[in-house]
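Data block below; observations after.
The values are calculated or read from the model by the stated rules, or taken from the named source; none is laboratory data. Please read all numbers here as calculations on a predicted model, not as lab measurements. Positions of Cβ are backbone-derived with ideal geometry, glycine not excepted, and every protein chain shown enters the neighbour counts. All accessible areas refer to the heavy atoms of the entire protein, side chains included, with ligands and DNA or RNA removed. Shrake-Rupley method; radii C 1.70, N 1.55, O 1.52, S 1.80 Å.
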Amino acid sequence: MKKRPNIVVILADDHGYGDASCYGGTDLITPNIDRVAAEGVRFTRFYANSSVCSPSRAALMSGCYPDRVGVPGVIRTHPENSWGYFSQAAVTMPQMLARAGYRNALIGKWHLGMNMTRREGGKPGKDRWDGDGNVDFTKPIADSPITRGFHEYFGVSASLDMAPYVWIENDHFAKPPTLQQAAVKFPGFVRRG
């Protein structure tokens, strides 16, 4: 049986072409990324489908324009201020890789929406986190990277300025939070130094 190559995709928000030293960057020395580039395939021409995170992730995961899979803009914590939700019908790259025999893992920020179980007495009609503290952190997450083709996941649901501020492992919260903290809007969460 022919051995399949390992596939590593690194998607970093706010990371430019010239930021890694293997691409000519001089402000940061990135020896580990340089080694990955030297031993693998190095891409030198590419385009982003969007300048913001959710649509870029939707395009990378599906191979489609983000609008076609329900994500024309950033998915936010409050539905009235959100720009979509990643379509359940979208076929994802990890789903296709799993069919070919790959095991897939995602580490980091998902930001394509998660369907979190609400506590008894939660606001009716809401099925996604809306920042009001009614998420039941003891229940599994119905729509997570695990339901989109990944075998393993460890990360956060969205940007670091969007609640809930808790680690997620596979389809559940790694540890229930001990403190409920209100969201802090940009640039308030950015610290100096």
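Taken together, the residues in the range 102-136 that are at pLDDT 85 or above and of a type in the set (Phe, Trp, Tyr) amount to 2. Reported count of residues in the range 80-96, each being open to solvent by 70 Å² or more (accessible area, probe 1.4 Å), assigned to a helix (DSSP H, G or I) and not aliphatic (A, V, I, L, M), is 2. The residue pairs whose first member lies in the range 145-173 and is at pLDDT below 90, whose second member is aliphatic (A, V, I, L, M) and open to solvent by 30 Å² or more (accessible area, probe 1.4 Å), and whose beta carbons are closer than 8 Å, counting only pairs six or more residues apart or on different chains, are ASP161/ALA183; ASP161/VAL184; MET162/ALA183; ALA163/ALA182; ALA163/ALA183; VAL166/ALA174.
Could you tell me whether LYS139 is loosely packed, with under 14 Cβ neighbours inside 10 Å and modelled with pLDDT under 95? No. When the residues of the range 1-16 are filtered to those that are without any contact (Cβ under 8 Å) to a residue 12 or more places away in the chain and within 23 Å of the chain's Cα centre (by Cα), which remaining residue is farthest from MET61 (Cα to Cα)? For the range 1-16, the residue satisfying everything is GLY16.
When SER54 is tested against (1) over 21 Å from PRO176 (Cα atoms); (2) of a type in the set (Gly, Ala, Ser); (3) outside any helix (DSSP H, G or I); (4) at pLDDT below 95, exactly one condition is not met: (3).
Residues that are in contact (Cβ under 8 Å) with a residue 60 or more places away in the chain, in contact with a Ser or Thr (Cβ under 7 Å, 6 or more places away or on another chain) and not in a loop (DSSP other than H, G, I, E, B) do occur in the range 59-73. Tallying residues that are under 14 Å from THR147 (Cβ atoms) and more than 16 Å from the chain's Cα centre (by Cα) within the range 80-90 yields 1. Checked against the criterion of being touching a strand residue (DSSP E or B) at 6+ places or on another chain (Cβ under 9 Å) and not small (Gly, Ala, Ser), the candidates LEU28, LEU11, LEU60 yield just one match: LEU11. Inclusion of GLY108 among residues that are out of contact with any helix residue (DSSP H, G or I) (no Cβ under 9 Å at 6 or more places or on another chain) and either of a type in the set (Ser, Thr, Tyr) or open to solvent by less than 40 Å² (accessible area, probe 1.4 Å) (or both) is warranted.
Evaluated against (1) open to solvent by 30 Å² or more (accessible area, probe 1.4 Å); (2) under 15 Å from PRO145 (Cβ atoms), SER54 falls short on exactly one condition, (1). Scanning the range 41-51 for residues that are surrounded by 14 or more Cβ atoms within 10 Å (Cβ to Cβ) and within 21 Å of ASP161 (Cβ to Cβ) returns a single hit, SER50. Looking only at the range 1-36, which residues are assigned to a loop (DSSP other than H, G, I, E, B) and open to solvent by less than 70 Å² (accessible area, probe 1.4 Å)? Scanning the range 1-36 gives ALA12, ASP13, GLY16, ALA20, GLY24, GLY25, THR30. Return only the number of the condition from (1) at pLDDT 90 or above; (2) open to solvent by less than 50 Å² (accessible area, probe 1.4 Å) that ARG99 does not satisfy. In the conditions (1) at pLDDT 90 or above; (2) open to solvent by less than 50 Å² (accessible area, probe 1.4 Å), ARG99 misses (2) alone. Of all residues in the range 174-189, exactly one satisfies the criterion of being among the small types (Gly, Ala, Ser) and at pLDDT 75 or above, namely ALA174.
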